[in-house]
1. Hey, got the dipole for the chain? About the Cα centre, +1 on K and R Cβ, -1 on D and E Cβ, debye to the nearest 20?
2. With +1 assigned to the C-beta of every Lys and Arg and -1 to the C-beta of every Asp and Glu, and no other charges, what is the dipole magnitude of the range 165-253 about the Cα centre in debye, to the nearest 20?
3. Listing ARG55, ARG75, ARG151 from the residue with the fewest other Cβ atoms within 10 Å to the one with the most, what is the order?
4. Based on the Cβ-Cβ distance from ARG42 to GLU82, what FRET efficiency comes out when R0 is 30 Å, to the nearest 0.05?
5. For the chain, build the convex hull from the C-alpha positions and give me its volume per residue in Å³.
6. Using Cα pairs under 8 angstrom and six or more residues apart, how large is the relative contact order of the range 8-88, in percent?
7. Give the percent of DSSP beta bridges with both residues in the chain that are antiparallel, rounded to the nearest 5.
8. Please tell me the relative contact order of the chain in percent, rounded to the nearest whole number, where contacts are Cα pairs under 8 Å and at least six residues apart.
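Laboratory data are not the source of any read-out in this text; all were calculated from the coordinates shown. Being a predicted model, the structure only gives us computed values, none of them experimental. Ideal geometry is used to build each Cβ from the backbone, glycine not excepted, and the neighbour counts take in all protein chains shown.
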Amino acid sequence: MRVPDLDLDLLRAFVAVAERGGFTAATAALGLTQSAISLKIRRLEDLLGQRVLDRTSRSVALTPQGETLLAYARRMLALNEEAVRRMVAPPVTGRLRLGVADHFVPRSLTPLLARFAREYPGIRLEVEVGRSHDLRRARDEGALDLVLGKRRDGETEGTVLWTEPVVWASAPGWSVPEGRPVPLAMLPQGCMFRDRALTALARAGIAFEVTYTSPSLLGVAAAAQAGLGATVMGASGLPDGLVPLAGLPPLGHAEMTVFGDLARQAHLAGPLVAAIRDTVRAAPPLAA
């Protein structure tokens, strides 16, 4: 049996529809009409011999086969982009000093840096990991060029890369001890997530006590993984060994942001920002 070759143009249309939730939204991204995109999807389904999208007059949803294909399609498009860039784009060289808030580290930093190093070997990337406000102070003092961190409520500085839920997290199977204050593992005072969590508990009339404090998010995560208490994180930063914890007050969303002069360093910052967005978009969903 001859295995058909997948057409990247068809996959690009499929990914655009899947990620944007419909044909109308995909038209702006692809610069095509809805009928042209529909034709590409039909050609892709004919090629595979199965449906990848369930379409009604009101909605578009992935079929189980479409969910499987989406993961492969993203990888194939990313690899194609990487290959073309390496072959035809002029080399990008320079030095970029990047501060990364440790909220972003556990799930995403290592694969991001690995991909970036492969695609842009001419960029010397120097990374410092820490707390958002410490890194931003270092940037203000000239020690860093860009900082990836969370933006405080009501703040307007920086360029937002994505918005994500702020979640309560604990070890799998852990629950709040009955009849006792909620034990918490937290970063020190001044952390936005800590302030938001304590305020939410106080407003809900839920007793709590901070039983473990660490200046490192990895230290806080380790305490929660060991069952010492619940903690609070951005959804993209949830490491292995922690799962979302239900039953506590909602904590809203956080804006993950790049702080710094992106325009001045566009030739270095542009590829990095694109790699960050791709990494977050491709991250597997959190376990419930």
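1. Dipole magnitude for the chain comes out near 420 debye.
2. 160
3. Exposure proxy ranking, most exposed first: ARG75, ARG55, ARG151.
4. For ARG42 and GLU82, the calculated efficiency is 0.55.
5. Spread over its residues, the Cα hull of the chain gives 176 Å³ apiece.
6. Once normalised by length, the contact order is 31 percent.
7. Taking every DSSP beta bridge within the chain, about 55 percent pair in antiparallel fashion.
8. 20
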